[in-house]
Amino acid sequence: MAQSAVPATGASGITPISAKTLAPWAVFFGILMLVLLYFVGAEQGATALISGEGVHEWVHDGRHLLGFPCH
């Protein structure tokens, strides 16, 4: 019978990621999600930062899918 190449120690070889290493990425993606939520939920409304209807047309279907009113 053939020998397997897996070590018999039981160690998986996966190193854990510390919270200190993960924190900047979590903050970055959290801010990115808040910006995306703003553009889908509030842009082209009372607090519009960009003039015109371009942003509204790009996020229109997503706005309805997430339950934000826009009409």
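Derivation of every value follows stated rules applied to the coordinates shown; laboratory data play no part. Predicted model, so just to flag it, every value in this text is computed and none were measured. Methodologically, a virtual Cβ is constructed for each residue, glycine included, from the backbone with ideal geometry; neighbour enumeration extends over all protein chains shown.
Of note:
- Rounded to whole Hz, the Karplus (6.51, -1.76, 1.60) HN-Hα couplings of the stretch 30-36, x for glycine and proline: x, 5, 4, 5, 5, 5, 5
- Here the label points at A23 and F68, each 7 Å from Cα along the C-beta direction, are separated by 3.1 nm in the simple model.
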